[in-house]
Amino acid sequence: MSNYHIKHLEEYFQVYRKSVRDPERFWEEVAEEHFVWRKRWSNVLSWDFAKPEVKWFEGAELNITENCLDRHLRTHGEQTAILFEPNSPDEEAQHITYNALFEKVNKMANVLKAQGIEKGDRVCIYLPMIPELAIALLACARIGAVHSVVFAGFSAKALATRINDASCKMVITSDGSYRGAKTLDLKAIVDEALLSCETIEKVLLVERTKNKVTLKEGRDLWIQPLLDEADGFCEAVSMNAEDPLFILYTSGSTGKPKGMVHTTGGYMVYTAYTFKNIFQYREGDIYWCTADIGWITGHSYIVYGPLANGGTTVMFEGVPSYPDFSRFWEIVEKHKITHLYTAPTAIRALAKENIEYVEKCDLSSLKVLGSVGEPINEEAWHWYNDNVGKNKSPIVDTWWQTETGGIMISPIPFVTPTKPTYATLPFIGIQPALMDENAQELKGNQVEGRLCIKYPWPSMARTIWGDHDRYRDTYFSAYANMYFTGDGAMRDEVGYYRITGRVDDVIIVSGHNLGTAPIEDAINEHQAVAESAIVGFPHEVKGNALYGYVILKEYGESRNFDNLKKEINQQIADKIGPIAKLDKIQFVPGLPKTRSGKIMRRILRKIASKDTSNLGDTSTLLNPEVVKEIMDNAL
Ligand code: WT7
């Protein structure tokens, strides 16, 4: 149906207008014509942003795996669903067909059931980028268990916090994980985490690296023998459209991560519809998103979106630098990739290397390029466009969030003219608003303000697991009747959006969303530390890197500062993960504070960015003298 696949700009505007004029009618049509439901909805949408409460397709019943698997078997059974490219180029790639994936998911679903998992139970998945990761998500969805994937780069403490927050009953993990030349001992991390988790009854282990692990009697089981015995069919459980499909954690401005809850029906409809249009995916295309399934990008655009469309989705286990910096381009050539969806930080890292790495590979299969995770700077955009896209593959700069479930602002390739650093136009059904300091909406073009969304869309998160008040306070209290994104944005003269970055205490490092508070908490736990403040500063590859200002309890003469810095970073790596380590640590006698005791991060950000010509108004500071002291010793 025409609404499902937009092909030119006029059609975009036409469909957009329709989606905004009568959103319920619009999404109802999409839902009706492109998915299989076990029972129809009684109501398309009910919502109240004050509570906040949002329900899409209320009363409907479905199972998302029937949409991602069963219905493709007849038409696409022998087509590759998941193309797995291992860490080492010497290991053979795996082409898992829809028939094979169906069987694997059903078997794993039966294993989960046999191990006591029921509809509504939470299952933590802590796996590397191997096919079992995608299979585990789908197996949970098949039986109505709520998956909570934790990125396998998080530390034992971070893993334990997430397991406990959701009271998970089971962990699915592996003996280890390959990352380039390194092997990580995932099972040891899980063992450490579980010392402080009471709710876990079973640990299922995938064999990957064959490193030595110890099994805890009665708790830990190798999964393969169970799969070998399991039946190849598992009846899909009927889910209400508003039943939770998964929890995924994102950082916030307090120490505790937020477990964003996504539900079944709306999430399916929106991720599938955006995938089809924003990548202009067509039969036979080979789509590769380089994200990890541990992030929302992987959930929506490696697993659910592509599979709901019967597509071929690539899973890459390794890293862009192994065995050398040609790896991405070799994979594109080897598998004749048509769509490459990656992050600005990866582009910048690869752009620093010899251009030979790119040029020696045949990239002619590429049709569409994508970018996600942070604003893409002009230089990276051009490098990507010229050297990878050869000026013929449009770049979709897709703005969205863990909370939004799917892409919100993005060009549609071959439809929306692109403009470097601009995410361009709102996607179908999305109604953005820019707000000023006085909570007034900025109308018209050429304005800049805080980015909000005025109307519900099907894949928005419904709550924070176990803390609905926090959900309301974080997203719906800054502006009445609006979802507040936490980002700033401008709208140019033709109505294109450019995301300018976070306006809260979240810093995006290499595309990872890091809250300042949890990092500061980790630092402050060091016995020598009195207080600390973290800010971001521009970094060539990471986009932003972290700069920590640390006040020590005492400055003894003998204090070994280099060691102390190492200890602080180790502490952060233990509590959160290596991605949150600081690039620079400055020991300071005090932090600039307002009279109400709030740290003036604006000043610290300027000092960290070496932009101290105009520090702005410091008259409201309690301790202005400390600013000069910090500046004189800045790193
Ligand atoms: C934050 C959300 C959603 C996928 C991965 C990140 C920033 C994301 C863009 C973009 C400018 C972007 C925003 C957003 N962001 N994509 N194309 N241009 N900024 O998910 O970890 O929830 O982070 O990432 O600041 O709020 P996330």
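Distance between the modelled labels on Y322 and A573, one decimal in nanometres: 1.6 nm (7 Å Cα→Cβ projection). Sorted from greatest to least, the principal axis extents spanned by the alpha carbons of the chain come out as 73, 63, 55 Å.
Using a simple spin-label model with pseudo-atoms 7 Å out from Cα toward Cβ, E379 and R605 lie 2.1 nm apart.
Taking Cα centre as origin and charging only the Cβ of basic (Lys, Arg, +1) and acidic (Asp, Glu, -1) residues, the dipole magnitude of region 524-635 rounds to 360 debye.
Counting only other residues whose beta carbon sits under 14 Å from that of D70, what net charge do I get with K and R as +1, D and E as -1? Neighbourhood net charge equals +2. Charge dipole of the chain (Cα centre as origin; +1 on each Lys and Arg Cβ, -1 on each Asp and Glu Cβ, all else neutral): 680 debye, rounded to the nearest 20. At an R0 of 45 angstrom, the distance between the Cβ atoms of E24 and E353 translates into a FRET efficiency of 0.35. Between the residues V529, I163, L434, the greatest Cα displacement towards the positive end of the dipole of the chain, with unit charges on the Cβ of Lys, Arg, Asp and Glu, is found for L434.
Straight-distance candidates among the lysines for linking to K352, with alpha-carbon spacing under 24 Å and chain neighbours fewer than 8 residues away dropped: K182, K334, K360, K367, K390, K392, K419, K542, K581, K584, K610.
Across region 436-480, the volume of the C-alpha convex hull divided among the residues equals 91 Å³ per residue.
Using +1 at the C-beta of Lys and Arg and -1 at the C-beta of Asp and Glu, which of L582, M600, Q570 has the Cα lying farthest in the positive direction of the dipole of region 510-632? The Cα lying farthest towards the positive end belongs to M600. Region 260-279 and region 31-95 have their alpha-carbon centroids 8 Å apart.
What net charge do the residues around E29 carry, taking every other residue with its C-beta under 14 Å from that of E29, with Lys and Arg at +1 and Asp and Glu at -1? Local net charge: -1.
Partnerless cysteines in the chain, where a partner means another cysteine C-beta under 4.7 angstrom, comprise C68, C140, C197, C234, C289, C361, C452.
Can you pull out the trypsin sites (Lys or Arg not before Pro) in region 175-266 whose DSSP state is coil and whose Cβ has at most 15 other Cβ atoms within 10 Å? Qualifying residues, ordered by number: K210, K212, K216, R219.
Peptides 506-518, 480-492 ranked from most to least packed give 506-518, 480-492, packing being the mean of other C-beta atoms within 10 angstrom over each peptide's residues.
Per-residue 3J(HN,Hα) values for region 354-368, derived from phi via the Karplus relation 6.51 cos²θ - 1.76 cosθ + 1.60 with θ = phi - 60°, read 4, 5, 3, 4, 7, 5, 6, 9, 8, 9, 5, 6, 5, 10, 9 Hz in sequence order (x marks Gly and Pro). Working value for region 3-134: equivalent-ellipsoid semi-axes of 34, 23, 16 Å, each the square root of 5 times a Cα gyration tensor eigenvalue, largest first. Applied to region 538-555, the Karplus parametrisation 6.51 cos²θ - 1.76 cosθ + 1.60 on θ = phi - 60° returns per-residue 3J(HN,Hα) values of x, 9, 3, 9, 7, x, 10, 10, 9, 10, x, 9, 10, 9, 8, 5, 8, 9 Hz, with x for Gly and Pro. A quarter of the convex hull surface defined by the alpha-carbon atoms of region 510-632 gives 7.9 nm² as the mean projection.
Summing +1 for each Lys or Arg and -1 for each Asp or Glu among the other residues whose beta-carbon sits under 9 angstrom from that of E540 gives +3. Subtracting the Cα-Cα distance of D362 and Q224 from their residue separation scaled by 0.36 nm leaves 45.9 nm. Partners of K18 within straight-line reach, counting lysines whose Cα lies under 19 Å from its Cα and excluding those fewer than 8 residues away in the same chain: K7, K276, K454.
Residues with amide H under 5 Å of T312's amide H, sequence separation 5 or more or different chain, H placed in the peptide plane at 1.01 Å from N; which? Residues meeting the amide H criterion: Y287. Along each principal axis, taking the top coordinate minus the bottom one, the Cα set of region 244-394 gives 47, 40, 28 Å in descending order.
Taking the fewest neighbouring Cβ atoms within 10 Å as the starting point, the ordered list for L227, L350, L622 is L622, L227, L350.
Sorted on the mean count of surrounding Cβ atoms within 10 Å across their residues, most packed first, peptides 539-550, 461-472 read 539-550, 461-472.
The alpha carbon centroids of region 397-462 and region 211-227 are separated by 46 Å. Taking amide H as placed 1.01 Å from N in the peptide plane, the amide H of V146 sits under 5 Å from that of G120, D121, R122, V123, each at least 5 places away or on another chain.
FYI, it's all coordinate maths here, none of it is from the lab. Bear in mind the structure is a predicted one, so any value in this text is a computation, not a measurement. Because the Cβ atoms are built from the backbone with ideal geometry, glycine has one as well, and the counts that use them run over all protein chains shown.
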